[in-house]
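The values are calculated or read from the model by the stated rules, or taken from the named source; none is laboratory data. All figures in this text were calculated on a predicted structure; none of them were measured in a lab. Counting neighbours? That spans all protein chains shown, and the Cβs are built from the backbone with ideal geometry, glycine included. Ligands, DNA and RNA are excluded from the accessible area calculation, which covers all protein heavy atoms including side chains. Shrake-Rupley method; radii C 1.70, N 1.55, O 1.52, S 1.80 Å.
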Amino acid sequence: MTDHLQTLKYIKSDVLSFWVSSNGELTGFNEYFYSLKQCLKKHLKIVNAAFLSYEGNSLIPIEELATLTIETKLNAVSWLMIETSFYQQKMVKLPYILKEKEAYNMMTDMVLFQPEGKDPIGVLLVEATDAWTDFMASDYGEECVETLMRVLQIFRENLEVKSNEDQYRKLYNMTDLFHSTMDIDLILENVLKNIRDNFPEFNVELILSNDQDRHTTIDIKLFDYLSERPATIEAFVSGDLTTELAGDLNCRLLNAPIKGRQAIYGILQVSAPTTYLFSTTEKDFVRMLAQASGNALENAKLYHQSHRLVSDLQLINETSHRLNMRIDIHEMLLFLQKQLMKSFQPMEVCFAFKNNDTFEVTDASTTLFTTEEGQTYIKHVEQHFEHTNDPLFIADFSRLTPNQIEYRSIMAIPILMEEKINGFSIVLHKEPYFFSFDSFKLMQSLIHHSSLAIANSILRNQLQEMVDRDHLTKLYARSYLDQYVEKSLKKDHSGMFLLIDIDNFKRVNDTYGHQIGDKILVQIAMKLNETIGTQGICARWGGEEMSVYVPNIDEKESIQLASTIVAMIPDATDPQVTISAGLITWDQNYRPAFQSVFLHADTALYEAKNSGKNRFCIHDRFLQTNA
């Protein structure tokens, strides 16, 4: 008994000596165990001994801890397989599961070192000697195990602190960098570098939500609710770290939310083999790294957002100021197209306005929308606005149509007049998820502020149209004709003016009534517009009198055109009527005064009336002759 007590004292003395001498020098558990083996050999004649360290439900040979690889963990002994062997005992005979391993087939006993209520530290395997057996069976054997356990526990805790020190130093350095930069690419680059340094054998991926209104050079994946795995979505929504055994991918996933104070900006995802179990320390490190990067991303995002808001306000102010300068609708839309191109970098832009029941594409649109391919996008937007006035945001159009489409990102904003859709604006880009939600909100604001100016311009045009056009015949009014002729006399090389009067129109009204008389006026107006087209203009002079003015036409062509008009009217009216007309032409050699044009045409008309009607007379520059 005294010998066993003395042995215990020697062992305690040696263990304490190892601890004091090794404080701050030993870099791993393996070095400490080597000293412990020498102690057991010296006092208990143990020649053959091994120590299996507990690491995440696995028992790993201590000599392999320093260069721990995934293969080591995969080949490790499962703690669950031998845990039952220690039922209410600290030392037992070696079980078969260990005996069958070549490295341990000479071992006979194993000792468990496990503090109460905590995970095991590890298991000591020995090839028993008589000295060992006698000592462990004595009253001092259990005390020796407790002493070794306490020392191993303290030593292991110190090693964990030391091993974590490097990780925390990296975290500190990275956090220090994050607080000194607003460069989002630099932040993401350092997140990936740090996580890959700590998990060099695993695949690491950054999955970010598309709300940053930027295009990073870092290799990232965009978060997509429709395609992400449930555990990844859970981490993104809940803000908690999740793990998943992804059998279909043949890996185990660790999802850490990249979380700031205001929102979650993405997921930091680490992929390991299916049999790998992430330790608590590893999870804590990934969680802290993700949180630090989330705070940094948020700060950078808010910084860029504040600058962008100033820029957005300047854009809206500049656009509103420009659009309220009483420019015409075409100039207005061209300016708006330029602003959209500058702000959102789309590949295509469209403005369409309602005309009766259909939407017509304006000249301010890019050429795509005049093609059949462009109609695909217009029709989809039209169908959307048939049911709602809400703006349309599509991140990936290819998911909504079975057809092959080239442009996948779409934003469409309605142009409202009196709470009704009068038109819409579309921007397109080939890349999916190209436009951010911030861009969508800015475009809404831009179009909303522009809608009032556009509506005012349209109303001005409609009002001007009412002033410029005769209500019944839709021909130009006399006031518009006066302005047109006056400008033409100043800038054009030649021209003709034909003043028309319907023969015996009072008799038509008396015979058929004024409703038929109005119908004849409309029939003649339509035929005149059809004949003249874009060469010149047709106007209602007053009552049953109409007029035609064509610039840049020579005298011979003028006479031919006047003859055609007089000849075609009987066939164009029902009941048939004829017309008389007075024609005046001018060129660079003879440029009459503005009022003289009408006076000479009226004189020629009077002559045509007195010459038998259903004819025209031409004003001669020197003499009046019948034509």
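Take the residues in segment 265-290 that are polar (S, T, N, Q) and in a strand (DSSP E or B), then tell me which one is surrounded by the fewest Cβ atoms within 10 Å (Cβ to Cβ). I'd like the intermediate steps shown before the answer.
First, pick out the residues of segment 265-290 that are polar (S, T, N, Q): 269, 271, 274-275, 279-281.
This time we only want the ones that are in a strand (DSSP E or B), so: 269, 271.
Working: 269: 25, 271: 17.
Taking the candidates together, the pick is 271.
Select from segment 107-138 the residues that are under 16 Å from residue 44 (Cβ atoms), among the aliphatic types (A, V, I, L, M) and open to solvent by less than 40 Å² (accessible area, probe 1.4 Å) and list them in ascending order.
We begin by selecting, within segment 107-138, every residue under 16 Å from residue 44 (Cβ atoms); these are 107-111, 124-138.
Subset that is among the aliphatic types (A, V, I, L, M): 107, 110-111, 124-126, 128, 131, 136-137.
Hits for segment 107-138 are 107, 110, 111, 124, 125, 126, 128, 131, 136.
Kindly indicate whether residue 577 is farther than 20 Å from residue 470 by Cα, touching a strand residue (DSSP E or B) at 6+ places or on another chain (Cβ under 6 Å) and of a type in the set (A, V, I, L, M). It would help to see each step written out before you state the result.
On the way: farther than 20 Å from residue 470 by Cα: yes; touching a strand residue (DSSP E or B) at 6+ places or on another chain (Cβ under 6 Å): yes; of a type in the set (A, V, I, L, M): yes.
Spelling it out, residue 577 is indeed farther than 20 Å from residue 470 by Cα, touching a strand residue (DSSP E or B) at 6+ places or on another chain (Cβ under 6 Å) and of a type in the set (A, V, I, L, M).
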Exactly one of these conditions fails for residue 466: (1) within 50 Å of the chain's Cα centre (by Cα); (2) open to solvent by less than 50 Å² (accessible area, probe 1.4 Å); (3) not β-branched (Val, Ile, Thr). Give me its number. (2)
Out of 184, 233, sole residue that is modelled with pLDDT of 80 or more and either farther than 15 Å from residue 271 by Cα or of a type in the set (D, E, K, R) (or both): 233
When the residues of segment 440-450 are filtered to those that are open to solvent by 10 Å² or more (accessible area, probe 1.4 Å) and polar (S, T, N, Q), which remaining residue is nearest to residue 423 (Cα to Cα)? 444
If I filter segment 46-63 for residues that are exposed (fewer than 12 other Cβ atoms within 10 Å of the Cβ), on the phi < 0 side of the Ramachandran plot, out of contact with any Gly (no Cβ under 7 Å at 6 or more places or on another chain) and modelled with pLDDT under 85, do I get at least one hit? no
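Does residue 240 meet the test of being over 29 Å from residue 434 (Cα atoms) and at pLDDT 80 or above?
Values: over 29 Å from residue 434 (Cα atoms): no; at pLDDT 80 or above: yes.
So residue 240 does not fit the description; no.
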Run down 481, 521 and say which single residue is open to solvent by less than 40 Å² (accessible area, probe 1.4 Å), more than 21 Å from residue 593 (Cβ to Cβ) and touching a residue at least 24 places away in the same chain (Cβ under 8 Å). 521
Search segment 75-99 for residues that are among the β-branched types (Val, Ile, Thr) and pair each with any residue that is assigned to a loop (DSSP other than H, G, I, E, B) and open to solvent by 70 Å² or more (accessible area, probe 1.4 Å) when their beta-carbon atoms are under 9 Å apart and the residues are at least 6 apart or on different chains. 77/101
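Can you give me the number of residues within segment 602-612 that are surrounded by 15 or more Cβ atoms within 10 Å (Cβ to Cβ) and either of a type in the set (Lys, Arg) or not in a helix (DSSP H, G or I) (or both)?
Going through segment 602-612, the residues surrounded by 15 or more Cβ atoms within 10 Å (Cβ to Cβ) turn out to be 602-609.
Now drop any that are not either of a type in the set (Lys, Arg) or not in a helix (DSSP H, G or I) (or both), which leaves 609.
Going through segment 602-612 one residue at a time, the tally reaches 1.
Residue-wise test of (1) β-branched (Val, Ile, Thr); (2) open to solvent by 40 Å² or more (accessible area, probe 1.4 Å); (3) under 16 Å from residue 422 (Cβ atoms); (4) outside any helix (DSSP H, G or I).
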{"position": "331", "(1), (2), (3), (4)": "no, yes, no, no"}
{"position": "336", "(1), (2), (3), (4)": "no, no, yes, no"}
{"position": "340", "(1), (2), (3), (4)": "no, no, no, no"}
{"position": "346", "(1), (2), (3), (4)": "no, no, no, yes"}
{"position": "350", "(1), (2), (3), (4)": "no, no, yes, yes"}
{"position": "353", "(1), (2), (3), (4)": "no, no, yes, yes"}
{"position": "374", "(1), (2), (3), (4)": "no, no, no, no"}
{"position": "378", "(1), (2), (3), (4)": "yes, no, yes, no"}
Inside segment 227-264, the number of residues satisfying the requirement of being part of a strand (DSSP E or B), among the β-branched types (Val, Ile, Thr) and open to solvent by 20 Å² or more (accessible area, probe 1.4 Å) is 2
What is the number of the single condition among (1) within 18 Å of the chain's Cα centre (by Cα); (2) open to solvent by 10 Å² or more (accessible area, probe 1.4 Å) that residue 435 does not meet? (2)
In segment 484-518, residue surrounded by the most Cβ atoms within 10 Å (Cβ to Cβ) [restricted to those that are in a helix (DSSP H, G or I) and of a type in the set (S, T, N, Q)]: 488
With respect to residue 191, determine if the residue is outside any strand (DSSP E or B), more than 24 Å from residue 10 (Cβ to Cβ) and at pLDDT 70 or above. yes
What single numbered condition from (1) open to solvent by less than 70 Å² (accessible area, probe 1.4 Å); (2) outside any strand (DSSP E or B) fails to hold for residue 599? (1)
Of all residues in segment 520-573, count the ones that are assigned to a helix (DSSP H, G or I), under 55 Å from the mean Cα position of the chain (by Cα) and not β-branched (Val, Ile, Thr). 6
